[in-house]
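Remarks on the structure that follows.
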Amino acid sequence: MNDQMRRLKMTKPKSPLSDIDSAIKKASFRLIPLLFLMYTLSYLDRVNVGFAASDMQSSLGLTTAAFGLGSGLFFIGYCLFEFPSNLMMHRFGARLWLSRIMITWGIIAGATAAVQGETTFYAIRILLGVAEAGLLPGVILYLTLWFPENVRGRIMARFFLAMPVAMAFGAPLSSWMITAGDGIFGLSGWQFMFLAQGVPTVALGIYVLLRLPNRPEDARWLSAAEKRAIADTLARDAATSTIRAKHSLRGALGDIRLYLIAGVLFSATFGIYAFSFFMPQVVKQLGGAGAGSSHLQIGFVSAIPFAVAIFCTWALGNHSDRTGERFVHAGSALALSCVGVIVAGVSHSPFITLLALTVVISGSIAAIPLLWSIPKTFLNGVAAAAGIGIIGAIANFSGFAAPTITGVLRQNSGSFQSSLILIAAVIGIGCLMLAGLRLLLPRGNDTSPRITKTHASVATSPDL
């Protein structure tokens, strides 16, 4: 009897997926890998200059301060054009605008191989920022058109995995390209790296132009029922939220919550950008690799913190969705990051220092997707397009401030210790700002309802 019951249980057909479950599964499979690859190339094309730092400085005669300034100037163009870029995407659609962003930045990224000195280095970095402006906030806005709040934490986490992946695999890849590419086509190794990494971006931009659907209703791979399910679920998300959402540009600009979340994201990315641009030099100075280490050895050691961040980002995003909570998860990750910076600053052990830097990078990166899931809870319509663009512009200004200040402090002091003190202070202030933001949002409405066993069980709940 027991064997018969077991066989019946094993042959019992599985319940079919609901329309919303099926739609989310298809959208995740079709969109997230593509968006992930786009952001991986984006992040790599902006930070690969850090792996070429030593060779570029010796070849072009750049001081550490000049290199830090040039690295950070990318974010001047990026921040200035991020807000209008998101409004343009809202008007023209994701397919056309995101492909335009990729093709232009890929061309300019490859052209970095042609820089001749400080002036051309500064100019190409500004132009690269202008070209890439709008990609991140554009994708954030795009994801809110496809995925309901109850799965947005893990969806954002999967997308933002591109950041640590770009560094974990990009570090040894870029270092290998610099070594292996030296002399090819008569180019220096660092010139070959920039050229080789710019070409795939242009190719992917053309693919996006041909294949990316603007909205669920444009997706040929969704059935009519699945399209209706996404539309109905997103409508219920907006209708049942008890937070008074802003719908106008003026309303978004006057909302203090917008500037608080932007400040928190600024603090979270400050340490990441400081270490991203200078990680090879930090590792070499702090003893993570020997003084005679090759580009490839330093690249592999530099990749360790970002490799660990991949797992942490994935795990924290999933757990945040299961519990339906964002603030404690993000705040705890940032607090650990702050502690990691302090430990790195006082440690004299290469192993402890590398472990501390791993905590810093993992905590900050893991918090970012959760923080980006918050703005849509109080912004809708054109306010969401404009607000997310403004948040991105303010947050990414850290990309200019962090490497510029780090470069100056290191040149004046001869070490990175003073920079670590500043990074700890910035992240600590971010934790306080996140606590203040939490007080301005009604309890129970900072995120979506908890996820049970399936997306459908939440999506069809009357509480949604």
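The values are calculated or read from the model by the stated rules, or taken from the named source; none is laboratory data. Quantities reported herein were computed from a predicted structural model and do not represent experimental measurements. Neighbour counts are summed over all protein chains in view; Cβ atoms, including those assigned to glycine, are modelled from backbone coordinates with ideal geometry. Side chains included, ligands, DNA and RNA excluded: accessible areas come from the protein's heavy atoms. Shrake-Rupley method; radii C 1.70, N 1.55, O 1.52, S 1.80 Å.
Note on the range 325-365 and the range 56-96: Cα centroid distance 27 Å, given to the nearest whole angstrom.
Of the residues Met38, Met433, ranked by 1.4 Å probe accessible area with the largest first, the sequence reads Met433, Met38. Given R0 = 22 Å, the distance between the Cβ atoms of Leu210 and Phe92 translates into a calculated FRET efficiency of 0.85. With kT/(6 pi eta Rh) evaluated at 4 °C and eta = 1.567 mPa s, and Rh the Kirkwood radius from Cα pairs, the range 27-108 diffuses with a coefficient of 87 µm²/s according to Stokes-Einstein. Note on Thr119 and Ala224: the model spin-label points, each 7 Å out from Cα along the C-beta direction, lie 6.4 nm apart. Straight-line cross-link reach from Lys376 at under 19 Å between alpha-carbon atoms covers these aspartates and glutamates, not counting any fewer than eight positions away in the same chain: Glu82, Glu149, Asp232, Asp237, Asp255, Asp321, Glu325, Asp446, Asp463.
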